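Reviewing the structure listed below.
Derivation of every value follows stated rules applied to the coordinates shown; laboratory data play no part. These numbers were taken from a predicted model, which means no experiment stands behind them. Neighbour counts are summed over all protein chains in view; Cβ atoms, including those assigned to glycine, are modelled from backbone coordinates with ideal geometry.
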Amino acid sequence: MKVVLASASPRRKELLQLIGLDPEVIAPDIEEAPLPGEAIDAFLQRVAIAKGIEVYRKRFFHSLIVSADTVVLLDDQLIGKPAGRDDASSMLERLSGRWHEVLTGLALMHEGATSFAISRTRVRFKELAAGEIAHYLDHEEYMDKAGAYAIQGRAAVFVERIEGCFFNVMGFPLNLFYRLLGERGLNLHE
């Protein structure tokens, strides 16, 4: 079965390759902003499924379409991708010494049926000094990262604790993906 990843994220492609898949990548062109008053779970479901539908419409009916969207929540407030360095610095200051939550909405589409679920992981950052934040921002790409960080990069040293799926924090919960495949009767090993 052909696997199509409806995402421009190189991390998601790398994680699928880690488990032996070689997905075709087609980046969907959809709006990823929450609607006014939209609950975070509803937002993740709407965006993840919209990404898959955008690719599905390109005649991939018999393929497995995989789409996802990842957000960071602090005190139940969405922290998106930073608009620039100052915004990234502010985000990291807010995350400093605190727990936050990373949520990924994951959608699978295959032969007209859609599965959707959300992976939730709690992450605690150590207290960050202003110099640490500045050094991080000088040496790490933060612009396309929810919460202005990538756990698999230099921000790894900021993480004191993690509760849940590490790969979810990278942007693609492999265990949830595998479970959803199993629920659909799809097997990676065939």
Mind pulling the angle between the C-alpha long axis of helix 40-56 and the longest principal axis of the chain? Nearest 10 degrees, somewhere in 0 to 90. 50 degrees
Any lysines with Cα under 22 Å of the residue 126 Cα? List them, leaving off those in the same chain fewer than 8 positions away. 81, 145
Cα-based helix-to-principal-axis angle, 174-183 vs the chain, degrees rounded to 10: 30 degrees
Please give the contour-minus-distance gain from residue 74 to residue 115: 0.36 nm per residue of separation, less the Cα-Cα distance, rounded to one decimal in nm. 12.1 nm
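Can you put 41, 69 in order, fewest other beta carbons within 10 Å first?
Values: 41 13, 69 25.
Listing 41, 69 from fewest to most nearby Cβ atoms yields 41, 69.
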For the chain, averaging the sequence separation of alpha carbon pairs under 8 Å that lie six or more residues apart and dividing by its residue count, the contact order in percent is 21 percent
Straight-line reach only, C-alpha to C-alpha below 24 angstrom: list the lysines that residue 58 could link to, leaving out same-chain residues fewer than 8 apart. 2, 13
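With 10 angstrom as the radius, rank 110, 139 by how many other C-beta atoms surround their C-beta, starting from the fewest. Let's see the in-between values first.
Numbers: 110 22, 139 10.
Exposure proxy ranking, most exposed first: 139, 110.
What is the antiparallel percent of DSSP beta bridges lying wholly in the chain, to the nearest 5? Intermediate values should be presented prior to the final figure.
Values: 28 of 33 bridges.
Looking only at bridges with both residues in the chain, the antiparallel portion is about 85 percent.
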List the trypsin sites (Lys or Arg not before Pro) within the range 99-142 that DSSP assigns to loop and that have no more than 16 neighbouring Cβ atoms inside 10 Å. 126
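Which GluC sites (Glu not before Pro) in the range 61-116 sit in a loop by DSSP (not H, G, I, E or B) and have at most 15 other Cβ atoms within 10 Å of their own Cβ?
Working: sites: 93, 101, 111; in loops: 111.
Here the GluC sites (Glu not before Pro) that fit, given the DSSP loop and packing criteria, are 111.
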Among trypsin sites (Lys or Arg not before Pro) in the range 46-111, those in a DSSP loop whose Cβ has at most 15 other Cβ atoms within 10 Å are 57, 58, 59, 98
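Helix-derived [θ] at 222 nm for the chain: sum -39500 (n - 2.57) over DSSP H runs of at least 4, divide by residue count, nearest 500?
Numbers: 6 runs with 62 residues, N = 190.
Per the formula, -9500 deg cm²/dmol.
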